[in-house]
Amino acid sequence: MLFGWKKRCRQLEAENAQLKAHTAQLEARLKESQAKNQQLIQALAAATKNSRNSSKPPSSDIVKPSPKPPGKGKRRKIGAQPGHPKHEHPAFTPAQIDHHISYELECCPVDPSHRLEPLADQQKVIQQVELVEQPFVVTEHTAQGYWCEGCQGIHYAAFPAAVVAGGLCGPRLTSLVCYLKGKLHGSYSGIQDFFRDVLGLEVSRGYLAKLNQKAARAFAQPSAQLLALLPQQAHLNADETGHKENGQRYWTWCFRAKDFIVFKIHASRGSDVLFDILGQNFQGSLGADFWGAYRKYARQCEVRIQFCLAHLIREVKYLCDFPEPSVQRYGQGLLAELKGLFCALHRRAELSSKAFALALATAEAKIWDAALEPALHPRRYSNGQVHRLIGNLVERFYKHGEGYFRFIISPEIEPTNNSVEQAMRFVVMDRHMTQGTRSQRGRDVCERIWTVIATCALQKRSAYDWMHQAIGAYFNGQPIPSLLLDSS
């Protein structure tokens, strides 16, 4: 009897060992499945990233359209919207009109026997603009040669300095090439075609490049003046975007001050660019996104920084679309409070200064509570564990949260970085439409033309007119006009 029990115990022990081994295999498979499941969740979340919930450019939505937000109705029709004021071209003044053509009735169109009386105050007018057949003039400059008996050589009369500096193209035509290249993103082949087909003028692509280099030399001093003024500004917004040069990755940096905009192409995207351009003693405030270069510069130089709330909102929207329920709930709560902040901002005109300040302070406090909820109320999450995405955002608010609310105590600071992103939008378009640059000379051309175009647009004046003035002064050896508006 005892022997039978021992045998049975050995059998049970063997079965138990087998069950433990099987359980271990199942646990290993479960862990493997959980890891794969987490990878799939991450891949699915990454696949849903678009310009609405991340920093990806809107051009990426062409390949992967962003989903329509829930609760949205039909998209509005293209064209003018109901209530939109009609835009009409203002009539040309008499001084602007070159030709007058009058049309008269010889008889009544209904009955030729009727007598017609012309009315001085009853006229229909159509003002038509047309290109002239040859939209340029050709001037031949001739320098007479003279034989000198004493020198036994030929001497020529001197050409004007402006004629020699301009060469084939005068300042207006040179300015047109700059405008076509910088503002309209024209390739040299495209500009060459425009000159041949529209103007009837044959020029080579190499000569067009030389015209832009002439213009860049004319713009050098005004651009350098703006670059030198950047460290003295009370507030700057900064951003960067990619740039191509011979297959190498460069970066176009944009700095937007109150009255001017500066572009600088650099091989680095790091904080060394900020140290080089703004220096270590920058006393103003800096608006930027959350890129590490700005954080490092602000930390080491003790610069007040305003992080872009628009970028934060896009990141929070990504959390709202994330497959994990706890991440969605956290994102939705934080997004609701961020929307409350912008609702308060949009009520600035209807609130008194004291009520407006109170509304902003209340909205800020609610954002802090929503952002730090996992740390303040860990029991609301299973086992007190939060997802990595939530933890990263909580840590960001602990370390850098104040940087999102500088604008509340400093009205001159904007809560978003939209102003500089809008200023450099045409540069991003240029990157997609051209082949970039090939040398330092090409970078100089782009930096200076972009600086001129963006600054003139900010100041609401014609970039072409300023280019013509600057290039004309450069050809004549005169001082180049400043890009700064005359404060007087």
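The values are calculated or read from the model by the stated rules, or taken from the named source; none is laboratory data. Remember, it's a predicted structure, so these values are computed and weren't measured experimentally. Neighbour counts are summed over all protein chains in view; Cβ atoms, including those assigned to glycine, are modelled from backbone coordinates with ideal geometry. Just the protein is used for accessible areas: all its heavy atoms, side chains included, with ligands, DNA and RNA removed. Shrake-Rupley method; radii C 1.70, N 1.55, O 1.52, S 1.80 Å.
Across the range 454-477, what is the total count of residues that are in contact with a Cys (Cβ under 9 Å, 6 or more places away or on another chain) and surrounded by 23 or more Cβ atoms within 10 Å (Cβ to Cβ)? Here the count works out to 3.
For the range 186-225, filtering for residues that are touching a residue at least 60 places away in the same chain (Cβ under 8 Å), open to solvent by 60 Å² or more (accessible area, probe 1.4 Å) and not in a helix (DSSP H, G or I) leaves 0.
When the range 290-309 is limited to residues that are open to solvent by 20 Å² or more (accessible area, probe 1.4 Å) and in contact (Cβ under 8 Å) with a residue 40 or more places away in the chain, the one that is farthest from Leu393 (Cα to Cα) turns out to be Arg304. Looking across the range 126-162 at every residue that is among the hydrophobic types (A, V, I, L, M, F, W, C) and in contact (Cβ under 8 Å) with a residue 24 or more places away in the chain, the one that is nearest to Glu202 (Cα to Cα) is identified as Phe136.
Please work out if Ile480 is open to solvent by 20 Å² or more (accessible area, probe 1.4 Å) and either in contact with a Leu (Cβ under 6 Å, 6 or more places away or on another chain) or among the basic types (Lys, Arg) (or both). Answer is no for this residue.
Taken over the range 316-357, the residue count meeting the criterion of being within 17 Å of Tyr404 (Cα to Cα), over 26 Å from the mean Cα position of the chain (by Cα) and open to solvent by 40 Å² or more (accessible area, probe 1.4 Å) is 3.
Regarding Gly167, is this residue small (Gly, Ala, Ser) and closer than 20 Å to Phe194 by Cβ? Here the answer is yes, as Gly167 does meet what is asked. Among the numbered conditions (1) closer than 28 Å to Arg461 by Cα; (2) open to solvent by 40 Å² or more (accessible area, probe 1.4 Å); (3) assigned to a strand (DSSP E or B), the only one that Tyr250 does not meet is (1).
For (1) under 30 Å from Leu131 (Cα atoms); (2) open to solvent by 100 Å² or more (accessible area, probe 1.4 Å); (3) among the polar types (S, T, N, Q); (4) assigned to a loop (DSSP other than H, G, I, E, B), each residue gets a yes or a no:
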| position | (1), (2), (3), (4) |
| --- | --- |
| Gly79 | yes, no, no, yes |
| Pro85 | yes, no, no, yes |
| His89 | yes, yes, no, yes |
| His99 | yes, yes, no, yes |
| Leu105 | yes, yes, no, yes |
| Pro109 | no, yes, no, yes |
| Pro112 | no, no, no, yes |
